[in-house]
Amino acid sequence: MFSDYPHLIDLNDYPVSWWNGLLKQAEEIIKNPALYANSCKGKIMGTLFYEPSTRTQMSFQTAMLRLGGTIIGFDNPQTSSVAKGENLKDTTKIVSGYSDVLVIRHPVMGSAKAAALTSDCPVINAGDGGHLHPTQTLTDLMTLKMEKGKLSGLTIGLCGDLLNGRTVHSLCKAMSCYENNHFIMISTKALKMPSYIKDKIRANGGTYEETESLEKAIPKLDMLYMTRIQRERFANEEEYLAQKDTYILTTKKMNLARPDMIVMHPLPRVDEIEVAVDDDTRALYFKQAKYGMYIRMSLILTMLQSNVKTQLLAGDLHTGIACKNKNCITCQETYLPKSFIGKGSTLTCEYCDERLLLQHE
């Protein structure tokens, strides 16, 4: 199923050469901002933020304003007709009709792809539940490129909530597309990286190891990517409290790291990085957030200028099969076509990447 518009749902839907083009253009914007000041004059960006956001929302807004465009949308669904029960399709259809590009953040996996199916303009995924966050990944790629000078041959540490962290999922998928990158996954057993992400790393020729010790991993790293334990992804408060203080980056632990290791974090920070670490020149998370504005400027320009048609669903439609992931958009928006990749007894949902094992009589 193809759309008439270019969409950014999953960064891996585009070749690495496309990512590199965005990065190069973002560097040009940093060097010559005045040349881009009116690039989006007369254009409107719609923003549908179904869950809270500071950096992603404001960096998108600032990016569009710096390009000369304007913004409509909401940052709280309770102030829109969503509060009256309006479904995702209807909201998307209306706001995309008013807009030239649409940015959506939603707590349910696969929601951005679902929105793109009926949108009348390009859709950019600004985070769909614990699934993907491609524009954060572009921010991370830009930070690494600007600060380390390369995107290959790196040892990358990922620490914290690797099960629910959409930022680390997207980053792993992207960085495994560059040569000779090695991932060290630091988490408790309960918050380990999902199998489909590890499968993707292996399929792309990358390597990884898993550990529960930040202290043992940190001396090996070129970059440490800290993440918060995400309270909103847990079934109850008790499960969250059992995990929340497991990993805290302190100045003492930073002393174990190499002088050229950098620390990144998608933010917001809760208590997983000691405030004193902010004074370490290797702590780049605030600078990282500013890079996010420039890469989103580059992305908005590219999406508005592109006439590429995006393939949204490539699998087979199944009327008698449902995704087993209760946080998949297809379980909430039941009108959506149920599309799965694969044959035989193993299928993968095209919205949330959940595996489905069929039982045969």
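The values are calculated or read from the model by the stated rules, or taken from the named source; none is laboratory data. Note that this is a predicted model, so its numbers are computed, not measured. When we count neighbours, we look across all protein chains shown, and the Cβ atoms used for this are built from the backbone with ideal geometry, even at glycine. Surface areas here come from the heavy atoms of the whole protein model, side chains and all, with no ligands, DNA or RNA. Shrake-Rupley method; radii C 1.70, N 1.55, O 1.52, S 1.80 Å.
Tabulated values for the structure
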{"read-out": "Ordering of 123-136, 195-208 by burial proxy (mean other Cβ atoms within 10 Å per residue, highest first)", "value": "123-136, 195-208"}
{"read-out": "GNM top mover of 182, 318, 106 - the chain, alpha-carbon springs below 10 Å", "value": "318"}
{"read-out": "J(HN,Hα) series, the range 329-339, from Karplus relation 6.51 cos²θ - 1.76 cosθ + 1.60, nearest Hz, glycine and proline x", "value": "4, 5, 7, 9, 9, 6, 6, 5, x, 8, 10"}
{"read-out": "Stretch gain in nm, segment residue 211-residue 2, where the contour uses 0.36 nm per residue and the Cα spacing is subtracted", "value": "71.1 nm"}
{"read-out": "Summed residue charge, Cβ within 10 Å of residue 4's Cβ, Lys/Arg positive, Asp/Glu negative", "value": "0"}
{"read-out": "Sorted peptide list for 79-86, 331-338, criterion being average Cβ within 10 angstrom, highest first", "value": "331-338, 79-86"}
{"read-out": "D_trans [Stokes-Einstein, Kirkwood Rh over alpha-carbon pairs] for the range 116-199, 4 °C, 1.567 mPa s, µm² s⁻¹", "value": "94 µm²/s"}
{"read-out": "Protein accessible area in the chain, 1.4 Å probe - carbon and sulfur %", "value": "50 percent"}
{"read-out": "Cα-based equivalent ellipsoid of the range 1-155: semi-axis lengths in Å, sorted from largest, via gyration tensor", "value": "27, 19, 15"}
{"read-out": "Flagged links, alpha-carbon separation over 21 Å, of 198/290; 189/287; 31/290", "value": "198/290; 189/287"}
{"read-out": "Unpaired by the 4.7 Å Cβ criterion, cysteines found in the chain", "value": "40, 121, 159, 172, 177, 331"}
{"read-out": "Under 5 Å, built H, 5+ apart or other chain: amide partners of residue 225", "value": "157, 158, 159, 264"}
{"read-out": "Set of aspartates and glutamates with alpha-carbon distance to residue 200 below 18 Å, sequence-local pairs under 8 removed", "value": "10, 13, 179, 209, 210, 350, 353, 354"}
{"read-out": "In nm, spacing of pseudo-spin labels at residue 321 and residue 65 (7 Å Cα→C-beta vector)", "value": "4.7 nm"}
{"read-out": "Sites residue 41 and residue 152, calculated FRET efficiency, Cβ-Cβ separation with R0 30 Å, nearest 0.05", "value": "0.20"}
{"read-out": "Debye, to nearest 20: dipole size of the chain, +1 on Lys, Arg Cβ, -1 on Asp, Glu Cβ", "value": "580 debye"}
{"read-out": "Computed over the chain, Kirkwood Rh from alpha-carbon pairs, angstrom", "value": "21.0 Å"}
{"read-out": "Alpha-carbon Rg/Rh ratio, for the range 284-351, with Rh computed the Kirkwood way", "value": "1.17"}
{"read-out": "Centroid-to-centroid separation of the range 301-315 and the range 50-110 [C-alpha atoms, Å]", "value": "19 Å"}
